[in-house]
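The values are calculated or read from the model by the stated rules, or taken from the named source; none is laboratory data. The shown structure was predicted, so the numbers you read here are calculated from the model rather than taken from an experiment. Glycine also receives a Cβ, built like all others from the backbone with ideal geometry; neighbour counts cover every protein chain displayed. Protein only, heavy atoms only, side chains kept; ligands, DNA and RNA dropped before computing areas. Shrake-Rupley method; radii C 1.70, N 1.55, O 1.52, S 1.80 Å.
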Amino acid sequence: MKSTPLLDRLLQIEAEDITSFHMPGHKNGKIFKKFHYKNFKQHLANIDTTEIIGTDNLHKPKEIIKQAQERASEAFKSEETFFLVNGSTSGIYSMIMAATSPGDKIIIGRNCHQSVINITILGDLTPVYLYPEMDIEKGIALGISPEEVERRLIENPDAKAVVIAYPTYHGFASDLKRIAEIVHSHGKILLVDEAHGAHLGLSHRLPMTALECGADAVVQSIHKTLPAFTQSSMLHVQGNRIDREKLKFMLRLHQSTSPSYILMASLDLATTIYQDYGRELMEELLYHVEVFKNKMKDIEGVTVLGTELVGKHFIKAMDTTRLWISMHHQGIDGYELERRLRDKYRIQMELSNIYGVLGMTSIGNDKEDFDRLYTGLLDLSQHKEDKGKIEKMPFFSYSIPKRTFTPREALYKPKKKVLLEDSIGHISGEYFIPYPPGIPILIPGEVIEEEMINYVKTMVARGMEVLGLKDITCQRIEILTD
Ligand SMILES: Cc1ncc(COP(=O)(O)O)c(C=O)c1O
């Protein structure tokens, strides 16, 4: 048989028996060893079907898909739930376009996922940004202040909706309940990107869910923190601020006409696990996390973020299932730490930056996973290498760039590519999205500043990924020509 490079690599990685502190939430299928419902894994190829007699239709659900969505609605405590097979991205597109019309203004947390900005292009919207508090040194977004939301609403009475990411990648939860009260008191719609919080309803020790806080529509990446296959997400709605018929149309617009039955079935299965075993598994997970974090306190040179930031920087609560681990005081930067954990201990984390690594845990992780991580970190802490001082992240102020055009206007204007250093003072036709943290520091239509160019060049030279440029070497950027 001819070489199949993609499949071969995936099988090779599978054979490595890696401990997963990354997405998806089923942890390389580990949880399905416990919950092997009707041996579904053996049937995957056979149940990969389409709309035939007996399989219902996602875009006009009347039978099994309707039942599965209703079960999910009950489990996740929404009024109505829709299955998403094109990731949370398709849900974000749909809820924002359902809440707005072309030409509308929308208030958006600047630490949003790029899909939120992208839909302003498709939906012809003018974004107004809310700035989260930032840990400028580490480049991490913290909380969004309710007062900042109110200020933006007063300044922009014509805005139709507010979009907030809750919780953040690192697990920080703003005071969403207060934000919801403010947004609703101004007669606006609150849309929440809860991509990282599908598991929050499983314990009162976790931040409240966005629905509990009063959000009108919420998108959850079930695949990120619960046992569903990658791309499987849900959109939940409550109340009457969102036009449900318009929302259904938008879902048809943004989702495939050949939705994967395997993904939909995985959402069905995740619902059952969530409802029947989720709370118990979450208690176990929170116990393992606590034990792990306590043991780590005794290891010199390794720091693990606890709840010390709650109550500061507009952080109301913390998703403690996230592990932000740093060894930079010991001379190991986050990139190196991620690489060593993988190479030496067969542990894969979710992401890294200069300061540390982020681990995503889920109800699919067990004691063995935490023990392996503890052993690896202990071992690393005992093999000190004097690598000299770690270079700091270059300073970046995260100030608001001047906007000349909306992202959509900028997209359709004539452009030319120039070297980054020649772009200062020009209007950008592209994004700068340093990843992590994935917060766009430049959006099409905004004026390029010297600080951004210095930051991006330094970051790229240090091996950090910067998304959003057509030039994959990140040497050139498109600017508007007129
Ligand atoms: C905060 C946030 N929102 C939305 C998304 C998009 O989710 P999906 O990959 O399921 O489309 C992501 C993806 O990582 C994300 O981090």
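Tabulated values for the structure
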read-out: Qualifying strands (runs of 3 or more DSSP E) (wholly inside segment 182-247; at least 1 residues being away from the ligand (no atom under 16 Å from the Cβ) and open to solvent by 10 Å² or more (accessible area, probe 1.4 Å)); value: 189-193
read-out: Options 412, 374: the member that is among the aromatic types (Phe, Trp, Tyr), within 27 Å of residue 478 (Cβ to Cβ) and either open to solvent by 10 Å² or more (accessible area, probe 1.4 Å) or more than 27 Å from the chain's Cα centre (by Cα) (or both); value: 412
read-out: Contacts under 6 angstrom Cβ, first residue in segment 69-86 being in the same structural domain as residue 266 (by TED's automatic domain parsing) and within 15 Å of residue 263 (Cα to Cα), partner crowded, with 23+ Cβ neighbours inside 10 Å and β-branched (Val, Ile, Thr), 6 or more apart; value: 69/81; 72/81; 72/271
read-out: Output for segment 227-266, where each listed residue is within 25 Å of residue 42 (Cα to Cα) and free of Cβ contacts under 8 Å to residues at least 60 places away in the same chain; value: 266
read-out: Any hit, segment 462-476, residues being touching a Ser or Thr at 6+ places or on another chain (Cβ under 8 Å), at pLDDT 95 or above and away from the ligand (no atom under 16 Å from the Cβ); value: no
read-out: Pick from segment 59-91, criterion closer than 23 Å to residue 200 by Cβ, outside any loop (DSSP other than H, G, I, E, B) and open to solvent by 40 Å² or more (accessible area, probe 1.4 Å), ranking: nearest to the ligand (Cβ to nearest atom); value: 89
read-out: Among (1) in a helix (DSSP H, G or I); (2) open to solvent by less than 50 Å² (accessible area, probe 1.4 Å), the one test that residue 25 misses; value: (1)
read-out: Enumeration of residues in segment 248-272 that are in contact with a helix residue (DSSP H, G or I) (Cβ under 7 Å, 6 or more places away or on another chain) and open to solvent by less than 40 Å² (accessible area, probe 1.4 Å); value: 250, 251, 254, 255, 261, 262, 264, 267, 269, 270, 271
read-out: Test set (1) more than 22 Å from residue 255 (Cα to Cα); (2) open to solvent by less than 10 Å² (accessible area, probe 1.4 Å); (3) within 16 Å of the ligand (Cβ to nearest atom) - residue 132 fails condition number; value: (2)
read-out: Qualifying residue in segment 438-447 (condition: over 25 Å from the mean Cα position of the chain (by Cα) and in contact (Cβ under 8 Å) with a residue 24 or more places away in the chain); value: yes
read-out: Filtered residues of segment 453-482 (kept if part of a loop (DSSP other than H, G, I, E, B) and either without any contact (Cβ under 8 Å) to a residue 12 or more places away in the chain or buried (at least 17 other Cβ atoms within 10 Å of the Cβ) (or both)); value: 464, 468, 469, 472, 473, 474
read-out: Segment 417-452, subset within 16 Å of the ligand (Cβ to nearest atom), open to solvent by less than 30 Å² (accessible area, probe 1.4 Å) and not in a loop (DSSP other than H, G, I, E, B), residue nearest to residue 124 (Cα to Cα); value: 433
read-out: Residue among 8, 48, 17, 56 that alone is away from the ligand (no atom under 16 Å from the Cβ), of a type in the set (Asp, Glu) and open to solvent by less than 60 Å² (accessible area, probe 1.4 Å); value: 56
read-out: Where residue 39 falls short, out of the listed (1) under 26 Å from residue 358 (Cα atoms); (2) at pLDDT below 95; value: (1)
read-out: Hits in segment 254-263 - residues which are more than 27 Å from residue 20 (Cβ to Cβ) and more than 16 Å from the ligand (Cβ to nearest atom); value: 257, 258
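One line per residue, one yes/no per condition, for (1) closer than 24 Å to residue 131 by Cβ; (2) surrounded by fewer than 20 Cβ atoms within 10 Å (Cβ to Cβ):
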{"residue": "281", "(1), (2)": "no, no"}
{"residue": "284", "(1), (2)": "no, yes"}
{"residue": "294", "(1), (2)": "no, yes"}
{"residue": "297", "(1), (2)": "no, yes"}
{"residue": "310", "(1), (2)": "yes, yes"}
{"residue": "315", "(1), (2)": "yes, no"}
{"residue": "318", "(1), (2)": "yes, no"}
{"residue": "321", "(1), (2)": "no, no"}
{"residue": "328", "(1), (2)": "no, no"}
